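Engineer: Here it is, the structure in full.
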Amino acid sequence: MTKSFLGTFALIFASMAGLFVFDTFLEKAEQAESMAEAERLYHEGQALLRKGRPGDAVEQFRSALTFARENPGYELALAQALLESGKLHDAEVLVSAVLERDSTDGPANLTMARIFAKERKDQYAGSYYHRAIYGHWPQDTGNERLKVRLELIDLLAHENDKPDLLAELLPLPNEKLDLKTREHIALLYLRAGSPNRAAELYRGILHENASNPDAFAGLGAAEFALGNYRAAHVDFLVASRRNPANAEAKKQLELSGEVLALDPSLRGLSAKDRYQRSQHLLDLTRQSLSRCSVTSAPESGQNTPLRPGQENEATEANLDLAEKIWQARKNDCKQPVSDQDEALSLVLSKMVQR
């Protein structure tokens, strides 16, 4: 009887073990099937996003999450679809849940940054962009961090936040950037008020490709911002010849030419030429004041014939008077400097900085 009992018990145990193995097999098969279905739905959602159908993508991603709950990749995909559908609150709630589990998740922080940027909460967006830059990424090659920084830079450029824009641009020269990106960064250096760095980047681009008309135009803009009008004029001339369709380069070429024709401080001018330019500058300054103000200009200037050796003294007197008149114009004239007076304004500003 004991042997019969033991045999029966062994049979029951073996049957239970078999059922357990079979149940485990079925459970794993069901899990595998669920994961496969979730992945299929996820890829369908991604395809819909690429086609510009975020609303339809939302449903696919939600369905994927019913098979694979708390999958960060699926949750972020759903949040991105919600973001593109304009459902910002729902997207924020979803990403917040991901970040509660892992506050250093790079993709999640990037998605939250984009949500806040869409809501025009730029201060919060900037904070999450930085968290994304210094967070962890599934494939940490550095490329994703660079893309995030460039996205933040574009946001700051759009907001015209020059100090923060420059702070984000400064680490970039150490990165390996393609030509198109370097051209974009050089332009942003100009917008951030750093023409020296812009000029350095443009020179590097021209060193690699001396026939790049956009780089010549950019270098001209950098030289112009630095007050190097002669160099800027040459760069704009080359840019205009190599790309006649560049209207901005042509405009800047004409403006730099006007400045060079007015500037009495250019090297190589004789004392007589400097004096004649100072007289012309003084006349233009008085005319500018008369066009926008009833205030009379300070009276002075050289009206009597000059004796030999008096040109330099008379030139300085004319320039001093022109600066005083221009200051009076700035104080009394409510109108901004017109295109007609732009070259005059640039030359007088340069005189003040002497």
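Only the coordinates and a few stated rules stand behind these numbers; no lab work does. No experiment lies behind these values; they were computed from the predicted model shown. Positions of Cβ are backbone-derived with ideal geometry, glycine not excepted, and every protein chain shown enters the neighbour counts.
Engineer: Kindly put 69, 62 in sequence by how many other C-beta atoms sit within 10 Å of each C-beta, fewest to most.
Structural biologist: On the way: 69 10, 62 15.
If I rank by nearby Cβ atoms, fewest first, I get 69, 62.
Engineer: Can you pull the one-decimal nm distance between simple spin-label points at residue 265 and residue 162, each 7 Å off the Cα toward Cβ?
Structural biologist: 2.0
Engineer: Then there is this: From the phi of every residue in the range 155-171, what ³J(HN,Hα) in whole Hz does the Karplus formula 6.51 cos²θ - 1.76 cosθ + 1.60 yield, where θ is phi - 60° and glycine or proline is x?
Structural biologist: Per residue, the Karplus-derived 3J(HN,Hα) values read 5, 5, 5, 5, 7, 6, 8, 5, x, 5, 4, 5, 4, 7, 6, 4, x Hz.
Engineer: What FRET efficiency comes out for residue 251 versus residue 230 if R0 is 30 angstrom and r is the Cβ-Cβ distance? Round to the nearest 0.05.
Structural biologist: Working: r = 18 Å, r/R0 = 0.59.
Calculated value: 0.95.
Engineer: What do you get for trypsin sites (Lys or Arg not before Pro) in the range 145-209 restricted to DSSP loop and a cutoff of at most 16 other Cβ within 10 Å of the site's Cβ? Intermediate results must be reported in sequence, preceding the final value.
Structural biologist: Numbers: sites: 145, 147, 149, 176, 180, 182, 191, 197, 203; in loops: 176.
Qualifying residues, ordered by number: 176.
Engineer: Also, I was wondering about something else. How much length is gained on full extension from residue 176 to residue 287, taking 0.36 nm per residue of separation minus their Cα-Cα distance? Present the calculation step by step, with values, prior to reporting the outcome.
Structural biologist: On the way: separation 111, 0.36 × 111 = 39.96 nm, distance 5.23 nm.
So the chain would gain 34.7 nm between residue 176 and residue 287.
Engineer: Can I ask one more? Counting pairs of alpha carbon atoms under 8 Å apart in space and at least six apart in sequence, what relative contact order in percent does the range 102-206 give? Intermediate results must be reported in sequence, preceding the final value.
Structural biologist: Details: 102 pairs, mean separation 19.9, N = 105.
Here the relative contact order equals 19 percent.
Engineer: With the contact rule set at Cα under 8 Å and sequence spacing of 6 or more, what percent relative contact order holds for the range 38-139? Walk me through the numbers on the way to the answer.
Structural biologist: Details: 132 pairs, mean separation 19.7, N = 102.
Relative contact order, the range 38-139: 19 percent.
Engineer: I would also like to ask the following. Of all chymotrypsin sites (Phe, Trp or Tyr not before Pro) in the range 178-286, which ones are in loop regions per DSSP and have a Cβ with at most 10 other Cβ atoms within 10 Å? Walk me through the numbers on the way to the answer.
Structural biologist: On the way: sites: 189, 202, 216, 224, 229, 236, 275; in loops: none.
Filter output for the range 178-286: empty list.
Engineer: With an 8 Å Cα cut-off and a minimum separation of 6 or more residues, compute the relative contact order for the range 179-262 in percent. Spell out each step's value before the answer.
Structural biologist: On the way: 101 pairs, mean separation 18.2, N = 84.
Relative contact order here is 22 percent.
Engineer: What nm value, rounded to one decimal, do you get for the distance between residue 209 and residue 46 when each label is placed 7 Å out toward the C-beta?
Structural biologist: My value for the distance between the label points is 3.1 nm.
Engineer: Something else: Report the gain in length on full extension from residue 127 to residue 93: 0.36 nm times residue separation, minus Cα-Cα distance, nm rounded to one decimal. Walk me through the intermediate numbers first.
Structural biologist: Details: separation 34, 0.36 × 34 = 12.24 nm, distance 1.76 nm.
Result: 10.5 nm gained on full extension.
Engineer: Do any GluC sites (Glu not before Pro) in the range 106-184 lie in a DSSP loop with no more than 16 other beta carbon atoms within 10 Å, and if so, which?
Structural biologist: Values: sites: 119, 144, 151, 159, 168, 175, 183; in loops: 119, 159, 175.
In loop regions of the range 106-184 (DSSP not H, G, I, E or B), the sparsely surrounded GluC sites (Glu not before Pro) are 119, 159, 175.
Engineer: Any chance you could check the Cα centroid distance between the range 112-128 and the range 129-195 for me, in angstrom?
Structural biologist: Taking the Cα centre of the range 129-195 as reference, the centre of the range 112-128 is 16 Å away.
Engineer: Additional query: Per residue of the range 328-341, what does 6.51 cos²θ - 1.76 cosθ + 1.60 with θ = phi - 60° give for ³J(HN,Hα)? Whole Hz please, x for Gly and Pro, Karplus curve as stated.
Structural biologist: After applying 6.51 cos²θ - 1.76 cosθ + 1.60, I find 4, 5, 4, 6, 9, 8, 8, 8, x, 4, 7, 4, 4, 9 Hz.
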